[in-house]
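Encoded as structure tokens, the structure appears first; notes follow it.
The values are calculated or read from the model by the stated rules, or taken from the named source; none is laboratory data. Note that the structure is predicted; figures quoted are calculated from it, not measured. Here the Cβ positions follow ideal geometry from the backbone for every residue, glycine too, while neighbour counts run over all protein chains shown.
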Amino acid sequence: MAQQLGLVMRSPSLHQMKTTELEERTAKLNLDEIEQEVTECDRQAYFQIVSTSLTPEQEARILEPGQVFPKQDSVLAVHWHPEFVPMDLIQKRINTLFPNRREELIIPTQHNVLMTFGNYSGVEIDCYSASFNRKVQLLVHFAESKLEQADVLKAMLLHTFKYRSSQLFEFIDSILNPKFRSRVEQAAAKVGATDELIRFVQIHVKKIRTLIDQHDADTPPDMLKNKLIRNYFNTLRGQYPDSLIDRAQVFLRAIKKRVKVDFKLSYFYHTEEVIEEVRSLGGGILVPHPEQFWPILLADYDVDGIEVWNPQSQEYTAFLINVVGQQNKTRRRGRRPLLVFMGDDTHFGEKVLEPEHQDVEKANREIGVQPAWDDLAICKSMIIANVDRQSQIREYRSRLDS
């Protein structure tokens, strides 16, 4: 791929160029000079990003967290995503993070895949709430021993799991297929993408599709999701200026957002169906992301608790605690009180990426770390609602084990 676009990074000095100079070089893209067919370099980049095997350096990123929390004696982590990171490495990280913990409830919640950590299993399930016409998510947890009769739930999860790969293929089609031209045009107008940038993206996305087709049998199914495209374009940073790849990523995010908005909600099982199946197995159910899915708080679904804090949902924590407290005072006789939860929403796959390729906000999330529990501005609401981390751990664990 020599001399591609005249932009091959031959020396570090390119990074020191002024922004205007980089823009001038980028503006001189000669698209005809890009190798249209998949090269060995492209193939190596693809296998690098779909690999679920960790290098020693990646293992070290898991085993050596940047912080330690010796004063935290209770660990509640019921909203986190192991992805392809082995559980034994995650256990070692937890041991390092919380060396003096005395109590814990730690349950993984991979998207639409049941996973087990210790004596508990969990999953984050995408489903559809018809009453307010929106895709929502539920955190579902089980004592591992209760899953012997979970064949129906597992079949439901398998169906829903496939939506992530189907959304990836729709994402790819949106970029390459002329019938989705309006999506490309809308995204380009929104972020100011030029025709040259659009074509640059299309050339490389076409390579991604070819690589997926050629290596379908060698690609772990869990790696076929939207972030595959983001990660692939990051591997191009050694060949093209960061400014070009950054603009490509902005354009890709705009298209991805359009794909998610247009994705058919009829694909998902109804929220009520999921809740019914989980309850039949004795599982627990929590509502995550309150700022994203706030209508679900009014739907009076049969759930155990509400996530009042999340790295993406921090604005209304005290208010939501007060709402839960008020609802518990008026709940019908026989209904157990709603519990209050905080989720760290850690994505371990993000932590093993090269630091310069990470989504910094996601990479900084830490399993079991939810600062709001100790926020003095929020503590008053927790006192009034009679909740704290230890009491929620004990009560929820009791429900799961009963």
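Can you run down the residue pairs with Cβ atoms below 8 Å, 6 or more apart or on separate chains, where the first is in region 265-283 and on the phi > 0 side of the Ramachandran plot and the partner is in a loop (DSSP other than H, G, I, E, B) and of a type outside the set (D, E, K, R)?
Gly282/Ser402
If you scan region 259-293, which residues turn out to be assigned to a helix (DSSP H, G or I) and surrounded by fewer than 16 Cβ atoms within 10 Å (Cβ to Cβ)? Step through it out loud before you land on a result.
Of the residues in region 259-293, the ones assigned to a helix (DSSP H, G or I) are 259-262, 265-267, 271-280.
Result: Lys260, Val261, Asp262, Leu265, Ser266, Tyr267, Glu273, Glu276, Arg279, Ser280.
Only one of Ser74, Ser129 is more than 22 Å from the chain's Cα centre (by Cα) and small (Gly, Ala, Ser). Can you tell me which?
Details: Ser129 fails: more than 22 Å from the chain's Cα centre (by Cα).
Testing whether each residue is more than 22 Å from the chain's Cα centre (by Cα) and small (Gly, Ala, Ser) leaves just Ser74.
Examine region 322-343 for a residue that is surrounded by fewer than 18 Cβ atoms within 10 Å (Cβ to Cβ), closer than 17 Å to Val136 by Cα and free of Cβ contacts under 8 Å to residues at least 60 places away in the same chain, and state whether such a residue exists.
no
Run down Tyr301, Tyr267, Tyr232, Tyr316 and say which single residue is more than 30 Å from Lys146 (Cα to Cα), modelled with pLDDT under 95 and either aromatic (Phe, Trp, Tyr) or outside the structural domain of Glu356 (by TED's automatic domain parsing) (or both).
Tyr316 is the lone residue from the list that is more than 30 Å from Lys146 (Cα to Cα), modelled with pLDDT under 95 and either aromatic (Phe, Trp, Tyr) or outside the structural domain of Glu356 (by TED's automatic domain parsing) (or both).
Looking at (1) in a helix (DSSP H, G or I); (2) modelled with pLDDT of 95 or more; (3) within 24 Å of Ile125 (Cα to Cα), find the lone condition where Phe251 falls short.
The number of the failed condition is (3).
Tell me which strands (runs of 3 or more DSSP E) are completely within region 59-177 and hold 2 or more residues being buried (at least 18 other Cβ atoms within 10 Å of the Cβ) and polar (S, T, N, Q), or say none if there are none.
120-129
Looking at region 238-252 only, could you name the residues that are in contact (Cβ under 8 Å) with a residue 24 or more places away in the chain and surrounded by fewer than 19 Cβ atoms within 10 Å (Cβ to Cβ)?
If the condition is that a residue be in contact (Cβ under 8 Å) with a residue 24 or more places away in the chain and surrounded by fewer than 19 Cβ atoms within 10 Å (Cβ to Cβ), then Gly238, Gln239, Asp242, Ser243, Val250 are the ones that fit.
Return a yes/no flag: does region 296-315 have any residue that is assigned to a helix (DSSP H, G or I), within 30 Å of Thr235 (Cα to Cα) and under 25 Å from the mean Cα position of the chain (by Cα).
No, the conditions are met nowhere in region 296-315.
For region 324-337, check the following and say yes or no: at least one residue is assigned to a loop (DSSP other than H, G, I, E, B) and under 20 Å from Lys362 (Cα atoms).
No, there is no match, as no residue in region 324-337 is assigned to a loop (DSSP other than H, G, I, E, B) and under 20 Å from Lys362 (Cα atoms).
Within region 364-381, is there a residue that is aromatic (Phe, Trp, Tyr) and over 30 Å from Lys227 (Cβ atoms)?
Checked against the condition, which is being aromatic (Phe, Trp, Tyr) and over 30 Å from Lys227 (Cβ atoms), region 364-381 yields no hits at all.
When residues of region 30-58 are filtered for being surrounded by 13 or more Cβ atoms within 10 Å (Cβ to Cβ) and acidic (Asp, Glu), how many remain?
Final tally of qualifying residues: 3.
Which one of Ala130, Ala143 is among the small types (Gly, Ala, Ser), touching a Ser or Thr at 6+ places or on another chain (Cβ under 9 Å) and under 19 Å from His270 (Cα atoms)?
Ala130
How about region 339-402: which helices (runs of 4 or more DSSP H) wholly inside it have at least 3 residues that are of a type in the set (A, V, I, L, M)?
Qualifying helices (runs of 4 or more DSSP H): 376-385.
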